[in-house]
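What follows is one structure encoded as structure tokens, with my remarks underneath.
The values are calculated or read from the model by the stated rules, or taken from the named source; none is laboratory data. Just so you know, these numbers come straight off a predicted model, no measurement behind them. So basically every Cβ, Gly included, is an ideal-geometry build from the backbone, and we count neighbours across all protein chains shown.
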Amino acid sequence: MPSPILVTGASGFVAIHTIIQLLHQGYNVRSTMRTLEREADLRSTISKYIQANDRLEILPADLSQDSGWEEALNNIEYVLHVASPFPLYEPKHEDELIIPAVQGTLRVLRAAHKAGVKRVVQVSSVAAISSGHNGENKTFSEADWSDLTKDIGAYAKSKTLAERAAWDFINGSENTNKMELVTINPPLILGPVPNKDFRTSIELVRTIMLGQVPGVGHIKMGSVDVRDVASAIILAMQTPEAAGKRFIVAADKSLWLKDIANLLHSKFSSRGYKINKLEFPSILVRLIGLFDKKVARVTESLDWDYELSNGNAKRILKWTPRLAEEGVLSMAESLIEQGVI
């Protein structure tokens, strides 16, 4: 039997779609979860897309502990390291995110190296590329790194430091086996949700669909469909030329929040969803931000006109993304189907 592909964080939004695509492509998959309490739910979700539970193995392994990883990595050539926390709110202290992200990444890399793994594909984020560059109206590429001297928030800092730590390991003296690394850097991930568990990922679309905000700010959002993130991860594993590279995986254009609200209104208002399309003047948002800490964080992104270059992913991985609009609409439709909204 061929070696299975190891996918970490099996119950996550991206991981589930990655596992489904791997199974469709004929791979055997081994995946990890912190505990096996939700194994039955995960298998039930995946079985809605493909009947291949006999090719899916699920093992317990926690990023905060050494136990479980040796068994998980036995007879593994490729690791798709997808597990990573994506919080809805800022933690009380940034180390609540940073320490697990960095130490968890290094724990996986060291265990993979010890097991003789050939390549690790790490899911990082555009948050490790463009954060702290607010107001720089440019097209970001993989050559860019987030500015850690700025107050970029705990999530962006954790993604940046975790990816930096991964590259330092790969390029350092510990990597005696010359294990390869590829990182995938998506922006906001949209697209169809396979079950009801994805609170943070769905928040933007859910909030707009339910009319819980009276309007939106003049803010641009890079996005990508979750199915395209999964395909990029697998291509990064399969493509020899990808070794040692970062890849921005984003839709061809970023959307303003007003575009997203208009799109959802045009599609779903006739079905009873009261979607507010108003775009607030930036000066008003900044004024509110003087009194509201949550709004204050958003003001940094007002009027920031940027793009994300996906040229390397297209050229090297032969990757083709869906339209940004499809990611928005498919997420909304799936939230209705799942009974979330």
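Points to keep in mind about this one:
- Condition met for Glu71 (surrounded by fewer than 18 Cβ atoms within 10 Å (Cβ to Cβ), free of Cβ contacts under 8 Å to residues at least 24 places away in the same chain and not in a loop (DSSP other than H, G, I, E, B)): yes
- Residue selection: Asp228 satisfies the criterion of being closer than 24 Å to Ile16 by Cβ and charged (D, E, K, R).
- Condition met for Ala72 (hydrophobic (A, V, I, L, M, F, W, C), within 20 Å of Leu308 (Cα to Cα) and at pLDDT 95 or above): no
- Residue check for Ile208: touching a residue at least 60 places away in the same chain (Cβ under 8 Å), crowded, with 20+ Cβ neighbours inside 10 Å, of a type in the set (Val, Ile, Thr) and within 30 Å of Lys318 (Cβ to Cβ): no
- Set side by side, the residues Ala261, Ala236, Ala232 differ, and just one is in contact with a Leu (Cβ under 7 Å, 6 or more places away or on another chain), under 18 Å from Leu323 (Cβ atoms) and surrounded by 16 or more Cβ atoms within 10 Å (Cβ to Cβ), which is Ala232.
- For segment 126-154, a tally of residues being assigned to a loop (DSSP other than H, G, I, E, B), surrounded by 21 or more Cβ atoms within 10 Å (Cβ to Cβ) and touching a strand residue (DSSP E or B) at 6+ places or on another chain (Cβ under 6 Å) returns 2.
- Out of Glu180, Glu203, Glu174, sole residue that is closer than 20 Å to Ala143 by Cα and not aliphatic (A, V, I, L, M): Glu180
- Any hit, segment 78-100, residues being farther than 28 Å from Ala127 by Cα, touching a helix residue (DSSP H, G or I) at 6+ places or on another chain (Cβ under 7 Å) and either of a type outside the set (Lys, Arg) or part of a loop (DSSP other than H, G, I, E, B) (or both): no
- Yes/no for Ile98 being at pLDDT 95 or above and either in contact with a Pro (Cβ under 9 Å, 6 or more places away or on another chain) or of a type outside the set (D, E, K, R) (or both): no
- Among the residues of segment 68-87, none qualifies, meaning not one is over 23 Å from Lys159 (Cβ atoms) and within 20 Å of the chain's Cα centre (by Cα).
- Summed over segment 49-64, the residues that are within 23 Å of the chain's Cα centre (by Cα) and modelled with pLDDT under 95 give a count of 3.
- Qualifying residue in segment 183-192 (condition: assigned to a loop (DSSP other than H, G, I, E, B), touching a strand residue (DSSP E or B) at 6+ places or on another chain (Cβ under 7 Å) and of a type in the set (Gly, Ala, Ser)): yes
- Glu96 acidic (Asp, Glu) and either in contact (Cβ under 8 Å) with a residue 60 or more places away in the chain or touching a strand residue (DSSP E or B) at 6+ places or on another chain (Cβ under 8 Å) (or both): no
- Among the residues making up segment 281-307, those that are buried (at least 16 other Cβ atoms within 10 Å of the Cβ), in a loop (DSSP other than H, G, I, E, B) and modelled with pLDDT under 95 are Glu300, Ser301.
- Of the residues making up segment 240-263, at least one is of a type outside the set (A, V, I, L, M, F, W, C), in a helix (DSSP H, G or I), more than 29 Å from His113 (Cα to Cα) and without any contact (Cβ under 8 Å) to a residue 24 or more places away in the chain.
- For segment 308-339, the set of residues classified as crowded, with 16+ Cβ neighbours inside 10 Å and of a type outside the set (A, V, I, L, M, F, W, C) consists of Ser309, Asn310, Asn312, Pro321, Arg322, Glu325, Glu326, Gly327, Ser330, Ser334, Gln338, listed by residue number.
For every residue, the table says whether it meets (1) surrounded by 22 or more Cβ atoms within 10 Å (Cβ to Cβ); (2) in contact with a Leu (Cβ under 9 Å, 6 or more places away or on another chain); (3) touching a residue at least 12 places away in the same chain (Cβ under 8 Å); (4) not polar (S, T, N, Q).
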site: His24; (1), (2), (3), (4): no, no, yes, yes
site: Thr45; (1), (2), (3), (4): no, no, yes, no
site: Arg55; (1), (2), (3), (4): no, yes, yes, yes
site: Leu59; (1), (2), (3), (4): no, yes, yes, yes
site: Asp62; (1), (2), (3), (4): no, no, yes, yes
site: Val82; (1), (2), (3), (4): yes, no, yes, yes
site: Leu109; (1), (2), (3), (4): yes, yes, yes, yes
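- Considering (1) among the aromatic types (Phe, Trp, Tyr); (2) at pLDDT below 95; (3) over 15 Å from Gly9 (Cβ atoms), the lone condition that Tyr78 does not fulfil carries the number (2).
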